[in-house]
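Right, one structure below, let's go through it.
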Amino acid sequence: MSQPENTTTQATALTNHDRKPIHIPGSIQPHGVLLALSTQLEILQVSNNTQVYLGKEPEDLLGKPLSYLLEAQLVEAVKQCLVKKIGSPNAFKVSINTLHRQRDFDAIAHRTEEAVILELEPTDSKSEVSFLGFHALAGEAIAKMQRTSNLVEFLHLVAEEVQKITDFDRVMVYKFDQSGAGSVVSEVKREDLSPYLGLHYPATDIPAQARELYTRCFLRFLPDLTAEPIKLVPTENPTTHQHLDLSYSVLRSFDSCCAEYHQNMGVKALLVISLIQEQKLWGLISCHHLTSKYVSYEVRKMCEFLGQIVSSELAHKISYSEWDYKVKLKSLQSDFLESISQADNFIDALIKPEIRLLDLVSASGAAVCLDNEITLVGATPNIREVRALIEWADIQVNDNLFFTDSLPKLYPEALIFKDTASGLLLLRISKVRRYYILWFRPEVIQTVNWAGNPNESIQTQTDDSLTLSPRKSFEQWQETVRLTSLPWETCELESAIALSNAIVGIVLSKADELAKINLELERSNRELASFAYAASHDLKEPLRGIYNFSTVLLEDYAQVLDDDGIECLQTVVSLSVRMETLINALLRLSQLGHAQLREQATDLNELVTQVIEVFRASRQDSGLVDIRIPRPLPTVQCDRVLVNEVFSNLLGNAFKYNDKPEQWVEIGYLSQEEAGGQGDKGTRGQGDKETGGQEEYNPTQSLIFYVRDNGIGIPQHHLETIFRLFKRLHSQEKYGGGAGAGLAIVKKIVELHNGQIWVESTVGVGSIFYFTLE
């Protein structure tokens with residue numbers, strides 16, 4: 001989304017506002033108590049309300065060891081923070097005897113660079129929420145969210161489920177754009193409240209410093225925005241003589257500007273959950289209540305966990321919604337690069353047919369510049385205007401790729417051709433010579449609905465300085481945004497970069513050898529780019545979610561799990577780390593092409609056993625799985641990680657595409673003599689000298705490995721096409737879905753080992769996948 005035209009004014013005020021050190025306010029909210037401890041757990045600072053909650057004045061606690069206040073086992077629980085990473089909380093229940101009675105608290109401890117912070121919130125519950133109890137509260141919401149694939153429906157469901165859990169008057173999903181501004185993309189509210197859905201908010205509403213804190217601390221809770229903050233005693237840490245860093249504090253007080261902003265909206269209580277995408281702040285789940293409202297620590301942790309689940313699912317929903325367009329660009333890119341590599345005339349290959357160059361990034365016009373020769377395609381400025389634009393880019397643009405959706409704001413001369421070129425994507429092919437490709441997009445006049453006039457936040461003081469103040473009204477305020485085009489999508493930028501990489505060799509050199517290398521690189525890059533995308537899309541994002549959420553449970557909820565629960569979670573973490581290594585190897589392989597295989601002597605018995613263990617751990621019905629290995633497998637020279645993936649994919653497919661009541665899979669190998677005619681289909685492999693019950697590597701003989709099943713079988717006319725990337729023989733609803741990348745990955749790995757793979761199959765009887773390694 002484009003910013004208002006007074007972007008410079010707002011940016012100045014925003015910069016001033018960002019300088020406010022909101023992470024060191026020197027005070028906390030009054031619904032709890034804070035103690036700052038040394039690494040020896042001596043009390044250095046306390047909040048000035050200890051008499052209210054603990055029956056002790058600050059002076060009675062300062063300088064005392066923590067054991068003065070807590071029992072030995074609870075002191076040990078706090079001490080665990082010293083070995084955790086900064087900001088990682090350790091939560092537990094605490095009972096403290098005060099002057100008149102025993103009080104129960106939720107204790108939350110974490111460490112900073114210079115101190116250990118212990119926060120206590122009064123609670124009526126003495127017991128921890130069990131893992132099963134937690135799952136009962138959050139499990140249904142998570143299951144609902146995972147069942148929907150549409151991004152809009154998903155975000156609305158998120159707002160609904162959070163509203164059910166928290167019972168806040170209004171729950172919104174707020175999405176940031178590249179400039180830091182944002183908009184409400186989903187909303188659930190009381191019927192009598194005015195809607196905020198679709199309204200935009202300037203970047204000044206949530207300054208950069210606040211956004212940065214949200215990327216580190218995933219939940220912020222303000223139960224009463226009218227409450228007076230409680231100062232720390234003493235104000236500074238007596239050891240460091242600095243203000244205490246409260247970045248990760250659950251009780252950190254709020255800025256007066258924040259309080260006034262929300263009170264102007266009629267809000268008295270606030271709960272905010274971060275949504276993180278690729279380690280960046282994608283958006284927020286913002287919960288508003290019109291009266292003060294306290295939410296227990298357990299419910300807040302459930303909301304935080306739910307937010308992390310949403311963040312993980314968000315990556316999949318976004319990828320799913322963009323999938324079709326990305327596949328279209330990939331297909332177009334592959335055909336385009338192939339024709340360029342084989343063309344005698346480079347410019348003709350780029351611009352004929354002209355629609356192909358434009359479709360590559362969804363542009364309406366383009367200009368190809370090779371030194372002084374400029375060729376125009378589609379709707380563009382004239383030659384003179386394009387030449388002047390390139391001269392400006394020579395001076396102002398340093399990167400090989402430059403893009404903007406508002407060229408006239410950066411290059412005022414573009415006002416005269418805004419109808420054809422308000423958006424610019426510029427690709428510099430060479431820094432030595434003036435080789436450029438420029439794509440253009442026309443102006444698209446937009447009407448933006450703001451939550452109040454964003455300009456009212458900027459106030460001029462008597463000394464002409466600018467300050468940021470909360471605006472009084474959040475009524476819809478419309479602005480017409482001009483001189484902007486549709487924004488350039490990330491996949492379009494990647495498409496332009498891929499084009500640059502492919503044509504550099506062709507443009508800069510006419511040598512025969514370089515031309516041959518370039519042809520091979522283009523072919524390899526097309527396949528491997530699709531290969532890397534499939535691996536990261538289908539494996540890496542869900543895997544990262546599994547690892548992160550399992551780690552969250554281990555770190556934050558280990559106290560409420562029994563030994564079996566902890567062991568299960570540790571197994572999940574271990575398996576996800578193992579799979580992460582495999583995926584990284586695949587992605588590295590896709591980048592490096594045919595090189596860098598890490599070959600070593602590999603005992604296939606150990607490797608296949610590991611594959612089977614992982615497979616059984618991932619299936620609830622593992623007791624029914626019949627996996628047969630007729631004789632010991634050999635030791636071969638191969639890349640262990642990649643061959644592990646070959647067996648994993650083939651084994652998984654064998655059971656996945658099997659509708660028999662008694663399913664089985666057989667894993668084995670054949671010598672060339674045993675294989676008979678089969679040996680002609682594969683390249684030369686490795687041998688089979690028997691010793692001690694295990695086959696030993698012998699380079700003088702050839703082996704053919706196989707994975708046989710009694711599954712549904714494959715029709716004869718599909719025996720070759722199943723190895724194509726993204727090729728599926730069934731709909732997504734049948735046999736567990738999937739992207740259709742598994743066999744393409746297997747084929748690529750086998751070919752990297754100079755081997756071959758093929759299949760024999762009978763529909764209704766089963767399939768045998770053969771492959772060789774050399």
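Would you mind checking the pairs 175/326; 231/268; 330/747; 175/268; 328/409; 56/79 and listing those with alpha carbons more than 28 angstrom apart?
Numbers: 175/326 22 Å; 231/268 21 Å; 330/747 20 Å; 175/268 23 Å; 328/409 32 Å; 56/79 23 Å.
Cα-Cα > 28 Å for 328/409; rest within.
Take the Cα of residue 763, step 7 Å toward its Cβ, do the same at residue 609, and the gap between the two points is 4.1 nm.
Taken along the Cα-to-beta-carbon direction at a fixed 7 Å, the label points for residue 616 and residue 520 span 4.5 nm. Would you mind getting the accessible area per residue of the range 359-452, heavy atoms of the protein chains only, 1.4 Å probe, in Å²? Value for the range 359-452: 42 Å² per residue. Taking one quarter of the surface of the convex hull spanned by the alpha-carbon atoms of the range 365-418 gives a direction-averaged projected area of 3.8 nm². Taking the inverse of the mean 1/r over every pair of distinct Cα atoms in the range 194-342 gives a Kirkwood hydrodynamic radius of 18.7 Å.
Binning the alpha carbon pair distances of the range 160-269 at 10 angstrom intervals from zero yields the distribution 11, 36, 37, 11, 4, 0, expressed in whole percent. Counting only Cβ charges, +1 for Lys and Arg and -1 for Asp and Glu, the dipole size of the range 184-309 around its Cα centre is about 200 debye.
Apolar share of the accessible surface for the range 89-239: 51 percent from carbon plus sulfur atoms, 1.4 Å probe. Pairs of alpha carbons in the range 31-124 separated by more than 21 Å make up 22% of all such pairs.
What number comes out for accessible area per residue over the range 26-134 if the probe is 1.4 Å? Units Å², please.
Details: 4790 Å² over 109 residues.
Value returned for the range 26-134: 44 Å² of accessible area per residue.
Give the calculated FRET efficiency between residue 601 and residue 431 to the nearest 0.05, with a Förster radius of 56 Å applied to their Cβ-Cβ distance. Intermediate values should be presented prior to the final figure.
Details: r = 47 Å, r/R0 = 0.83.
So the FRET efficiency works out to roughly 0.75.
The values are calculated or read from the model by the stated rules, or taken from the named source; none is laboratory data. Just so it is clear, the model here is predicted, and its values are computed rather than measured. Neighbour counts run over all protein chains shown; Cβ positions are idealised from the backbone, glycine included. Note: accessible area is taken over every heavy atom of the protein model, side chains too, but ligands, DNA and RNA are not part of it. Shrake-Rupley method; radii C 1.70, N 1.55, O 1.52, S 1.80 Å.
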